[in-house]
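The values are calculated or read from the model by the stated rules, or taken from the named source; none is laboratory data. The structure presented is a predicted model; accordingly, all values stated were derived computationally and were not measured. Using ideal geometry, Cβ is built from the backbone for each residue, glycine included, and neighbour counts are taken over all protein chains shown. Only protein heavy atoms, including side chains, enter the accessible area calculation; ligands, DNA and RNA are left aside. Shrake-Rupley method; radii C 1.70, N 1.55, O 1.52, S 1.80 Å.
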Amino acid sequence: MSLKKNEVAYFKKRLEEMRSQVVRALEGTKKEVTEPDMSKGYSQHSADEGTDDFVKNINLQVTNKEFGLLRQIDRALEKIEEGNYGVCDITGDEIPIKRLEAIPYATMTVQAQEKFEKGIL
């Protein structure tokens, strides 16, 4: 049973909202990582610089995860445009609506995702 037009429209709206949130978060994180730290100077202790570098490293890791999420959201939006949203990229099986409600950017069934993550596919 494929998704109805109103269901696809609902998921498209959710995905677009998620996308705009991720983009805003990325812009904020990028600004934090790339802006020079004006507080650095001769009086700052080297341990403080280490903490600052650690925080920037964490921000970069978060940014990488957000970019990954953005790619997944974009792929799901592509599938909507192609007319095959809700169909597993790997098996061609339908993705259960409960999975899409939980993870609207899912492009694989749970079984295919597990095999993909284990490197079986």
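Brief remarks on what is shown
- ³J(HN,Hα) computed for each position of segment 101-108 - Karplus, 6.51 cos²θ - 1.76 cosθ + 1.60, integer Hz, glycine/proline x: 5, 6, 9, x, 8, 5, 10, 9
- Remark on Val87: its backbone amide H falls under 5 Å from those of Ile95, a criterion applied only to residues 5 or more positions apart or on other chains, H modelled at 1.01 Å from N.
- Distance between the pseudo-spin-label points of Gln21 and Ser2 (7 Å out from Cα toward the beta carbon): 2.9 nm.
- Estimated vicinal HN-Hα couplings, Hz - segment 84-91 in sequence order (Karplus 6.51, -1.76, 1.60; Gly, Pro = x): 10, 5, x, 10, 4, 5, 8, 9
- Heavy-atom accessible surface of Leu69, to the nearest 10 Å², is about 50 Å², with a 1.4 Å probe and all protein chains retained.
- Cross-link pairs exceeding 24 Å between alpha carbons, from the set Lys79/Lys115; Lys13/Lys79; Lys12/Lys118; Lys5/Lys79; Lys4/Lys65: Lys12/Lys118; Lys4/Lys65.
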